[in-house]
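Following: one structure in structure tokens, then a few remarks.
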Amino acid sequence: MIAAACWLLGLFALVAAPALAQDDTDDGTPAPTPVLDDGAQVGDAGFVDVIEVSGLLDPVLADFVTSSLDAAERDGAVALVLQLNSRDSVLDRERLNELARRFADSSVTVAVWVGPSGSRALNEVAQLVGVADVVGVAPGARLGRTGEQVLNPDEFGQVWGEHADVLRNDDLDWREVIDAGVVPCERVDVDELGRPVSEEEQQVRCAAVTVGDFLLDLDGFQSRQVSEADEIRLEPLTLVRFQGLSLLDQLMHTVASPPVAYLLFIIGLGLLLFEFFTAGVGVAGVVGAVCFLLGSYGLAVLETRGWAIALIVIALLGYGIDVQTGVPRAWTAIATVCFVLGTLFLYSGPGMSWIPTVVGIGGMLLAMLAGMPAMVRTRFSTPTIGREWMIGELGEVVESVSPDGVVRIRGALWRARTNRATPSSVGDSVRVVALEGLFLEVEPEEGGAVDYREKARKG
């Protein structure tokens with residue numbers, strides 16, 4: 001809805017803009033736009049469908065474009081316009097060729113506007129753009145880096161024709177695209193006021209700032225000049241229908257982006273592991289299962305490495321082993337290495353930036369090294385289970401208690417802290433004398449520290 005509103009604002013902006021020339025006169029000055037019959041009504045000149053294609057080109061977007069093209073043909077649209085911002089495609093070669101074939105065989109004009117400012121059409125998506133009937137760019141847009149052609153050359157020939165070499169290895173900004181002639185542009189010597197047009201102004205005239213500007217130059221899109229308060233403006237006669245993804249399709253398209261799929265996958269695994277250490281099935285388990293399924297779908301759509309996914313799963317199993325013991329040990333180190341490697345090498349195609357990578361690794365380490373052990377300790381120290389029975393128990397020091405360490409009590413490992421600053425070495429026998437939060441206060445079985453304040457009072 002927000003995108004549709006932006007498109008409408010762009011269209012309304014062109015209505016209030018001054019009338020621009022379409023053709024040149026013999027002396028090089030722009031000819032005025034012809035005024036259509038005053039009796040013509042809005043909608044008499046047909047309609048144009050505009051759809052937004054943003055993000056990686058995945059099966060959801062491909063189906064949306066195909067169904068939109070079917071609807072445009074069925075309803076008799078003048079053209080189908082794609083407002084494009086995509087850096088790559090995750091479609092397989094066959095599906096991409098099928099979509100390009102649909103463009104080529106369409107009975108309505110297929111136009112692509114790479115916009116608004118900052119938008120991109122790169123890699124395999126740029127090859128698909130080359131099959132469209134009309135291409136336009138917004139100031140600040142980029143186009144190119146097509147790479148090796150994946151579209152069937154026997155069917156589509158050399159995509160972009162004479163411009164293929166220019167676009168193959170580099171992504172050009174909008175000025176370079178116009179200068180290279182990739183986007184056709186009618187140049188003029190002077191503007192509507194008879195002033196000379198500089199090269200920079202020429203480039204701006206050749207670009208389409210809004211989708212409305214792009215529609216004005218589209219064959220079959222009609223408008224008329226109207227006078228109002230001594231001002232001439234353009235009034236579109238061709239209707240514009242904006243269409244977008246359904247809520248479910250938007251969800252699945254969002255899930256199939258590299259950072260979202262990765263974060264959902266690891267969050268789901270983490271919550272399922274958390275649920276394993278709680279009594280019964282709760283909210284965490286349900287949320288974890290949903291996140292895991294959505295993340296798995298996203299990873300299935302994207303280009304991933306199976307062994308990297310396996311490393312992430314192994315990492316969670318390793319964390320679970322040490323969480324159960326309550327002390328990070330060898331399995332925690334192994335799990336951390338597996339998780340980092342699995343994250344860094346997860347995607348073989350379009351990947352994610354360093355921000356979700358750092359968030360994923362840092363969040364998992366924080367949860368498994370601090371959050372989960374504390375949760376498990378808290379669970380087993382509830383009034384129902386209690387730990388008072390441990391006071392007076394003897395145990396063995398596993399990690400030097402000076403002042404904090406680890407002791408083994410009845411075969412289980414516990415965090416321990418010295419009582420009255422009396423350190424204990426590995427292998428020493430200690431006695432539990434008190435409980436302090438998640439820690440056990442211990443002292444040597446023999447030779448514990450003497451409380452001299454008590455001795456003084458007795459004296």
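Summary table
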quantity: All positions within the stretch 117-131 that are within 16 Å of residue 89 (Cα to Cα) and not acidic (Asp, Glu); calculated: 119, 120, 121, 122, 123, 125, 126, 127, 128, 129, 130, 131
quantity: Selection status of residue 86, buried (at least 18 other Cβ atoms within 10 Å of the Cβ), within 21 Å of residue 220 (Cα to Cα) and modelled with pLDDT of 50 or more; calculated: no
quantity: Verdict on residue 240 being in a strand (DSSP E or B) and closer than 25 Å to residue 132 by Cβ; calculated: yes
quantity: Residues (basic (Lys, Arg) and over 18 Å from residue 141 (Cβ atoms)) located in the stretch 85-124; calculated: 93, 95, 101, 102
quantity: When residues of the stretch 326-349 are limited to those that are farther than 30 Å from residue 407 by Cβ and surrounded by fewer than 18 Cβ atoms within 10 Å (Cβ to Cβ), the one modelled with the lowest pLDDT; calculated: 349
quantity: Count of the stretch 206-255 residues which are in contact (Cβ under 8 Å) with a residue 40 or more places away in the chain and at positive phi; calculated: 1
quantity: Only one of 395, 362 that is modelled with pLDDT of 90 or more, small (Gly, Ala, Ser) and either more than 43 Å from the chain's Cα centre (by Cα) or surrounded by 13 or more Cβ atoms within 10 Å (Cβ to Cβ) (or both); calculated: 395
quantity: In the stretch 64-95, residue farthest from residue 126 (Cα to Cα) [restricted to those that are free of Cβ contacts under 8 Å to residues at least 60 places away in the same chain and among the acidic types (Asp, Glu)]; calculated: 75
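Residues are listed down the side, and each one gets a yes or a no for (1) more than 17 Å from residue 160 (Cβ to Cβ); (2) of a type in the set (Asp, Glu); (3) more than 27 Å from the chain's Cα centre (by Cα):
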{"site": "56", "(1), (2), (3)": "yes, no, no"}
{"site": "60", "(1), (2), (3)": "yes, no, no"}
{"site": "64", "(1), (2), (3)": "yes, no, no"}
{"site": "71", "(1), (2), (3)": "yes, no, yes"}
{"site": "95", "(1), (2), (3)": "yes, no, no"}
{"site": "115", "(1), (2), (3)": "yes, no, no"}
{"site": "121", "(1), (2), (3)": "no, no, no"}
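Okay, residues lined up against (1) in contact with a strand residue (DSSP E or B) (Cβ under 6 Å, 6 or more places away or on another chain); (2) over 30 Å from residue 68 (Cα atoms); (3) of a type in the set (Lys, Arg); (4) surrounded by fewer than 20 Cβ atoms within 10 Å (Cβ to Cβ):
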{"site": "204", "(1), (2), (3), (4)": "no, yes, no, yes"}
{"site": "211", "(1), (2), (3), (4)": "yes, no, no, no"}
{"site": "223", "(1), (2), (3), (4)": "yes, no, no, no"}
{"site": "239", "(1), (2), (3), (4)": "yes, no, no, yes"}
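For (1) acidic (Asp, Glu); (2) touching an Asp or Glu at 6+ places or on another chain (Cβ under 7 Å); (3) closer than 30 Å to residue 373 by Cβ, each residue gets a yes or a no:
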site	(1), (2), (3)
215	no, no, no
236	no, no, no
270	no, no, yes
275	yes, no, yes
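The values are calculated or read from the model by the stated rules, or taken from the named source; none is laboratory data. Values in this document were obtained by computation on a predicted structure and should not be read as measured data. Here Cβ is always computed from backbone atoms with ideal geometry, including for glycine, and neighbour counts include all displayed protein chains.
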